[in-house]
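In what follows, a single structure is set out as structure tokens and then discussed.
The values are calculated or read from the model by the stated rules, or taken from the named source; none is laboratory data. Keep in mind it's a predicted model, so treat the numbers as computed, not measured. Cβ sites come from the backbone with ideal geometry, for glycine too, and all protein chains shown count toward neighbours.
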Amino acid sequence: MRPDTKGQDNGEAEFEADLDLRSKVDRRKFFQLLGVGGGALLAGCAGGDGDGGGDGTGTGTTGGETTPQGGLKHGGHLRVATSTSPQTVSPFKGITVTDYVFKETMYSRLTTVDNNLQTKPNLAKEWNLKDSGKKITFVLQDDAKFPSGKNVLAEDVVATVNLLLTDKVSAGEKDVNPLQVNDGKPAIEVEDDKRLTFTLSRADAPYPKRVTETGSTFNIVSKDVAENKFDRVSNEDFGNGPFDLVEFEKGDHYTFEANDDYHLTDEHDNQLPYVDKMTWKIISDPIPRVNALRDKRVDALRALPPKTLKQAKNMPGLQVKSEHSGKFINVVLNTDLEPFQDARVRKAMKYAMDRDEMLTAISGRGAKGHHSPISPVHEFYAENIKDPFGAKAQPEKAKSLLQEAGHGNGLDLPTLYYSQGETPEKGPITQVFQQQMKNVGINFDIKLVTPDTWLSEYWNKDDVWYMSTWVMRVEDTTVPMLALRSDGQWNTARWSNEKYDNALEKAFRATSKKERANHLKTCQQVHHNEGAWLTCAFLDVFGAAQGYVQEYEMMPTTSRSYLSKVALSSKAPQGP
């Protein structure tokens, strides 16, 4: 439930001289009554099923309601099905995909990204880099408010960062890194209520995108909440995101109402979000989840399970969409284990892999990319690196390298562990990988464990190797920084390469895109050739919604929320 009452001043001062409606209607209804605004959320789009009632040239009506240009209208109740409850509603905890989406639904960060992963304003309306990317000044939105009605100020950002640096938030320091910290205090200069400058411990030109990274705990709360109400954030919503959490029953449903003081609008200055109410229904089994969409008991799915793709495509009236993603499955060759210390063994395994065969095992629902976490959908993916391994297996080259490394009679490895969770593709890919390695004399057993067991007993542990999955991060350097740099916090393979580290450091400092692209190309080439991760596939993501859900678009990562930008046409069911 919301802990505070919204302030009544909605900031629409330009209308006050003619009409004082603030005590009677909220800003959303105010815009509807006046017919104010301009167009579809995306230029040239008139909505999902063409049912908006407008011709795209001015305001129109749908079911007697005034609608902005382009046929989209405010109002309605959007019902979304997902597989699991979030672990918590706290903006500072939770590591599941559902947690990540809920954080974005309730809270705001300094920046955000669009569908093309370009950095866009959120609480910060602008930013600029100084000192070759070692200092970054953020300028906050003029009209962003917290639920209490208090304006978002620089002091709130500082208080949030101070909280993230305490042991109350386990991942907080990582999520503000490389912000410089002196004696436990962040190096942030507050210039005035709306302007503040971060000093970093090293140059990091991508930092404005880094602060909106997938799963980050850098969600802004008020100074009062950060300092006095931390024990309440696991049960109450203190955010100023697009929706307010008003009621929930863990394991069953979560109900939100639109935040009428939300500070972001569409490109024609129409108030976001479009829908007035949103309910997330938890349906763990994928078949009943898709059936609920078919029967119009829900309007959209957070993600469509691949095994139900054919079923959904055969259902009349549904929009089924797919998107290439940066989510990937990889084998972690932990160099704590003796054979994986030898680059010849690692290269032999890359030669033995047939990634076309792996994609066939998951019905082609993905892409190959490089042996690198920078995916084909990332901004700085280097298409033209040299690839000695190719997509098809080269068993003779694999055997030759194994012979050279002293394993001419074959190589017996410890058990390879994997879990599936929300990534069912890992099962068939792991089995295909085992067979491909056997073809060149590398033998091992595989063992399926629960996600909890994998996380607690195998992930990032010494002397084990395993099949892993990474959800997509929006900033190209995030996974390399966390997991491939020699001193990375999540260097699960214990791999170290000086050339890689140097190129990554230069990419952080690069202030031009061309220069950064060149350095990240070097990173991709080095890890593709020498690294201790075997990338099996970058997975496609799928979604589905009823035809009356307008402006429904998938993002490259299902860990991001698109729901503040969809609208419901007049064909949507009425009522709860």
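Numbers for the structure displayed
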{"read-out": "Number of the exception - residue 162 against (1) crowded, with 17+ Cβ neighbours inside 10 Å; (2) without any contact (Cβ under 8 Å) to a residue 40 or more places away in the chain", "value": "(2)"}
{"read-out": "Segment 104-119, subset modelled with pLDDT of 95 or more and not hydroxyl-bearing (Ser, Thr, Tyr), residue farthest from residue 260 (Cα to Cα)", "value": "110"}
{"read-out": "Failed condition for residue 527, given (1) outside the structural domain of residue 476 (by TED's automatic domain parsing); (2) touching a strand residue (DSSP E or B) at 6+ places or on another chain (Cβ under 9 Å)", "value": "(1)"}
{"read-out": "Residue check for residue 142: more than 24 Å from the chain's Cα centre (by Cα) and within 30 Å of residue 506 (Cα to Cα)", "value": "no"}
{"read-out": "Test: residue in segment 287-296 that is farther than 24 Å from residue 149 by Cβ, surrounded by fewer than 16 Cβ atoms within 10 Å (Cβ to Cβ), touching a residue at least 12 places away in the same chain (Cβ under 8 Å) and not hydrophobic (A, V, I, L, M, F, W, C)", "value": "yes"}
{"read-out": "Verdict on residue 134 being of a type in the set (D, E, K, R) and within 22 Å of the chain's Cα centre (by Cα)", "value": "no"}
{"read-out": "The one condition in (1) surrounded by fewer than 21 Cβ atoms within 10 Å (Cβ to Cβ); (2) assigned to a helix (DSSP H, G or I) that residue 381 fails to fulfil", "value": "(2)"}
{"read-out": "Residue in segment 131-153 that is touching a residue at least 12 places away in the same chain (Cβ under 8 Å), crowded, with 19+ Cβ neighbours inside 10 Å, hydroxyl-bearing (Ser, Thr, Tyr) and closer than 24 Å to residue 172 by Cβ present", "value": "no"}
{"read-out": "Breaking point among (1) farther than 29 Å from residue 115 by Cα; (2) under 28 Å from the mean Cα position of the chain (by Cα), for residue 420", "value": "(1)"}
{"read-out": "Members of segment 219-275 found to be aromatic (Phe, Trp, Tyr), closer than 13 Å to residue 152 by Cα and surrounded by fewer than 23 Cβ atoms within 10 Å (Cβ to Cβ), listed by number", "value": "262"}
{"read-out": "Qualifying residues in segment 469-500 (those that are more than 22 Å from residue 326 (Cα to Cα) and either modelled with pLDDT under 95 or not in a loop (DSSP other than H, G, I, E, B) (or both)) - the one nearest to the chain's Cα centre (by Cα)", "value": "487"}
{"read-out": "So residue 447, is it modelled with pLDDT of 95 or more, out of contact with any strand residue (DSSP E or B) (no Cβ under 9 Å at 6 or more places or on another chain) and among the basic types (Lys, Arg)", "value": "no"}
{"read-out": "Meets criteria (at pLDDT below 95 and closer than 17 Å to residue 160 by Cα) for residue 227", "value": "no"}
{"read-out": "Qualifying residue in segment 105-127 (condition: basic (Lys, Arg) and more than 28 Å from residue 302 (Cβ to Cβ))", "value": "yes"}
{"read-out": "All positions within segment 297-314 that are charged (D, E, K, R) and crowded, with 17+ Cβ neighbours inside 10 Å", "value": "299, 302"}
{"read-out": "Count - residues of segment 384-399 that are touching a residue at least 24 places away in the same chain (Cβ under 8 Å) and either aromatic (Phe, Trp, Tyr) or outside any loop (DSSP other than H, G, I, E, B) (or both)", "value": "5"}
{"read-out": "Segment 95-116 residues that are within 18 Å of residue 172 (Cβ to Cβ), paired with ones that are among the basic types (Lys, Arg) and part of a helix (DSSP H, G or I) (beta carbon under 8 Å, 6 or more apart)", "value": "111/209"}
{"read-out": "Condition broken by residue 514, with the remaining ones in (1) more than 19 Å from the chain's Cα centre (by Cα); (2) more than 28 Å from residue 343 (Cβ to Cβ); (3) not in a helix (DSSP H, G or I) satisfied", "value": "(3)"}
{"read-out": "Per-region count, segment 316-347, residues farther than 20 Å from residue 431 by Cβ and either touching a residue at least 60 places away in the same chain (Cβ under 8 Å) or crowded, with 16+ Cβ neighbours inside 10 Å (or both)", "value": "22"}
{"read-out": "Hey, residue 98 hydroxyl-bearing (Ser, Thr, Tyr), within 25 Å of residue 556 (Cα to Cα) and either out of contact with any His (no Cβ under 7 Å at 6 or more places or on another chain) or modelled with pLDDT of 95 or more (or both) or not", "value": "yes"}
{"read-out": "Residues (surrounded by 14 or more Cβ atoms within 10 Å (Cβ to Cβ) and touching a Phe, Trp or Tyr at 6+ places or on another chain (Cβ under 9 Å)) located in segment 385-410", "value": "389, 390, 393, 394, 395, 397, 398, 399, 400, 401"}
{"read-out": "Which numbered condition residue 476 fails, given (1) under 30 Å from residue 84 (Cα atoms); (2) free of Cβ contacts under 8 Å to residues at least 24 places away in the same chain; (3) acidic (Asp, Glu)", "value": "(2)"}
{"read-out": "Matching option when the condition is in the same structural domain as residue 493 (by TED's automatic domain parsing), at pLDDT 95 or above and over 27 Å from the mean Cα position of the chain (by Cα), among 361, 352", "value": "352"}
